[in-house]
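Structure, as structure tokens:
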Amino acid sequence: MKKAMGSVISGDVVKMFATDPGSVKDMEAFCTQTGNELIETGRRVVPSPSGEKP
């Protein structure tokens, strides 16, 4: 994320999608350490092609 943030300017909003269940805590820590604002987090379950539940 830090690498991707290199091209972001003040006032920009970055939207991130991740499959790692730990990504919310990672982003919370990243924003705390860097002084960025975390506007919203959420979880959306997308059905797998095989029909199995995650």
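Fully extending the segment from residue 50 to residue 34, taken as 0.36 nm per residue of separation minus the present Cα-Cα distance, adds 1.8 nm.
In terms of accessible area, using a 1.4 Å probe and ignoring ligands and nucleic acids, 5, 16 rank largest first as 16, 5. With all protein chains in place and ligands, DNA and RNA left out, the 1.4 Å accessible area ranks 32, 19 as 19, 32, largest first.
The lysine pair tally for the chain, using Cα distances under 16 Å and a gap of 8 or more places or different chains, is 4. Extension gain, residue 4-residue 20: 0.36 nm per intervening residue step, less the Cα-Cα distance, totals 4.0 nm. Here the sum of -39500 (n - 2.57) over DSSP H runs of 4 or more residues, divided by the residues of the chain, equals -7000 deg cm²/dmol at 222 nm, to the nearest 500.
Rolling a 1.4 angstrom probe over the chain with all protein chains present gives an accessible area of which 53% lies on carbon and sulfur atoms. The trypsin sites (Lys or Arg not before Pro) found in the chain that occupy coil by DSSP, while having at most 15 further C-beta atoms within 10 Å, are 2, 3, 15, 43, 44. Computed from the C-alpha gyration tensor, the three semi-axes of the ellipsoid equivalent to the chain are 27, 12, 10 Å, from longest to shortest. The GluC sites (Glu not before Pro) of the chain that meet both conditions, a loop assignment by DSSP and at most 10 other Cβ atoms within 10 Å of the site Cβ, are 37, 40, 52.
Per residue, the chain exposes 97 Å² of solvent-accessible protein surface, assessed with a 1.4 angstrom probe and all protein chains in place.
The values are calculated or read from the model by the stated rules, or taken from the named source; none is laboratory data. Everything numeric in this text was worked out from a predicted model, so none of it was measured. For neighbour counting, all protein chains shown are included, and Cβ atoms are generated from backbone atoms with ideal geometry for every residue, glycine included. Please note that ligands, DNA and RNA were not included when accessible areas were found on the heavy atoms of the full protein model with its side chains. Shrake-Rupley method; radii C 1.70, N 1.55, O 1.52, S 1.80 Å.
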